[in-house]
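**Q** Could you have a look at this structure, given as structure tokens, before my questions?
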Amino acid sequence: MYPRLDMVDRQIAGWMERYGHMIHRVSLGVFFAWLGALKTFGVSTATSLIAHVIYWGPPEVIVPIIGWWEITIGVCLIIRPLVRIALLLLLIRLPGSLLALLLLPDVCFVHVPYAPTLEGQYLIKDIMLFSAALVIGGTIRFEKDPRVYH
């Protein structure tokens with residue numbers, strides 16, 4: 001019985017190795033595009049916190065710009081040859097989330113630093129998404145071998 005389970009386990013693990021990174025990359029891209037679209041079309045999100053921390057203009061202008069930025073990140077993640085561009089755009093976007101957490105602790109935390117508010121959770125999610133994108137970025141050099149990281 002154990003050899004059969006081992007064979008099934010190997011098949012499942014092989015499938016996850018073959019398709020997991022692609023599914024991860026595309027789902028992350030769809031998520032970024034989705035959240036970016038919400039900002040672009042005026043659905044309220046915690047991004048207005050970033051627009052208040054990094055003041056380049058009124059939030060009514062900055063939040064849709066951030067939305068289009070995130071849509072671009074999402075599209076670049078979905079289209080595999082553009083992943084490096086997505087990582088660059090994410091790298092530029094990340095300081096806004098970090099600054100908001102540091103400069104607005106009263107808005108981001110119920111109890112600093114261990115109990116984030118909904119806004120704080122949203123910003124922490126941004127940091128987690130960036131780290132997930134780093135994992136995707138670590139696979140882009142393997143595109144020559146069709147068996148690895150489609």
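The values are calculated or read from the model by the stated rules, or taken from the named source; none is laboratory data. Since we're looking at a predicted model, the values are computed, not measured. Cβ: placed from backbone, ideal geometry, glycine included. Neighbour counts: every protein chain shown.
**Q** Pairs please, first residue from the stretch 13-39 and touching a residue at least 24 places away in the same chain (Cβ under 8 Å) and more than 14 Å from Phe130 (Cβ to Cβ), second anywhere and in a helix (DSSP H, G or I) and polar (S, T, N, Q), Cβ atoms under 7 Å, 6+ apart in sequence or on different chains.
**A** Lys39/Thr47
**Q** Acidic (Asp, Glu), at pLDDT 90 or above and in a helix (DSSP H, G or I) - does that describe any residue in the stretch 9-28?
**A** yes
**Q** Which of the residues spanning the stretch 75-89 are among the aliphatic types (A, V, I, L, M), surrounded by fewer than 22 Cβ atoms within 10 Å (Cβ to Cβ) and over 10 Å from Arg25 (Cα atoms)?
**A** Passing the criteria: Val75, Leu82, Ile85, Leu87, Leu88, Leu89.
**Q** Restricting attention to the stretch 119-140, does a residue exist that is hydroxyl-bearing (Ser, Thr, Tyr), surrounded by fewer than 16 Cβ atoms within 10 Å (Cβ to Cβ) and more than 22 Å from Gly74 (Cα to Cα)?
**A** No, the stretch 119-140 has no match at all.
**Q** Taking into account only those residues within the stretch 55-74 that are within 16 Å of Ala132 (Cα to Cα) and modelled with pLDDT of 95 or more, which is surrounded by the fewest Cβ atoms within 10 Å (Cβ to Cβ)?
**A** So, considering only residues that are within 16 Å of Ala132 (Cα to Cα) and modelled with pLDDT of 95 or more, the one surrounded by the fewest Cβ atoms within 10 Å (Cβ to Cβ) is Gly74.
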